[in-house]
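Written out below as structure tokens is the structure these notes cover.
Readers should treat all values here as calculations from the given coordinates under stated rules, not as data from a laboratory. Computed from a predicted structure; not experimentally measured. Backbone-built Cβ (ideal geometry, glycine too); neighbour counts: all protein chains shown.
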Amino acid sequence: MTNFSRKKDTVTIGVISDTHGLLRPEVLDVFENVDRIIHAGDIGGESVLHELDHIAPVVAVRGNMDGDNWAFALKRTEAVEIKRSLIYVIHDLGRLDIDPEVSGCSVVISGHSHRPAVKKHNGVLYLNPGSAGPRRFKLPASVALLSLADERIEAEIVRLNA
């Protein structure tokens with residue numbers, strides 16, 4: 001299902017966003033062998049995080065639609081260091097409150113737009129996995145895989161059957 005080849009020195013991260021309470025069974029298959037999971041907000045229910053946590057440790061941020069009491073324990077942004085790479089997670093890239101390049105970030109992960117994207121700008125990888133929840137705007141359902149090695153960062157968008 002994925003082009004990633006798993007290497008001993010590589011950490012693979014499943015990246016997901018905008019589930020809006022729906023965790024598709026295909027996500028469990030795509031994330032089966034990941035080391036970590038990052039959810040970039042609009043989770044839609046605490047049960048989504050619990051299900052993902054059965055696969056791998058989860059880092060999650062609160063999205064604009066996460067207004068229930070359980071979600072207030074989540075921060076709006078998170079910074080995570082994995083394999084000497086600083087990853088900044090925010091739901092809405094339009095609300096980015098740091099300069100990733102100056103801050104030493106290697107990767108910025110966001111959601112919100114429901115549009116999958118992998119772009120590199122000034123040495124920083126910007127990754128939006130798209131929406132893994134209910135289909136909206138005729139956009140495909142998708143997640144991403146982020147691969148980190150000592151000298152290499154790669155991202156791949158994985159379309160889900162929807």
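Using R0 = 22 Å, the C-beta based FRET efficiency linking VAL118 and VAL11 works out to 0.80. Taking 7 Å steps out from each Cα toward its Cβ at ASP29 and HIS50 produces label points 2.5 nm apart. In plain terms, the chain from ARG136 to THR77 could stretch by 18.8 nm, reckoned as 0.36 nm per residue minus the Cα-Cα distance. Dipole magnitude for the chain: about 440 debye, using +1 per Lys or Arg Cβ and -1 per Asp or Glu Cβ, origin at the Cα centre. Its convex hull of Cα atoms gives segment 11-159 a direction-averaged projected area, equal to a quarter of the hull surface, of 7.9 nm². Counted over the chain, the DSSP beta bridges are approximately 60% antiparallel. For segment 1-85, applying the loop criterion from DSSP together with a ceiling of 14 other beta carbons within 10 Å to the trypsin sites (Lys or Arg not before Pro) yields ARG6, LYS7, LYS8, LYS75, ARG84. Of the residues ILE90, ILE43, the one with the fewest other Cβ atoms within 10 Å heads the list, and the complete ranking is ILE90, ILE43. Our coupling estimate for segment 51-68, obtained by passing each phi through the Karplus curve with A = 6.51, B = -1.76, C = 1.60 and θ = phi - 60°, is 5, 5, 5, 6, 8, 7, x, 10, 10, 9, 10, 7, x, 5, 9, 8, x, 6 Hz, Gly and Pro reported as x.
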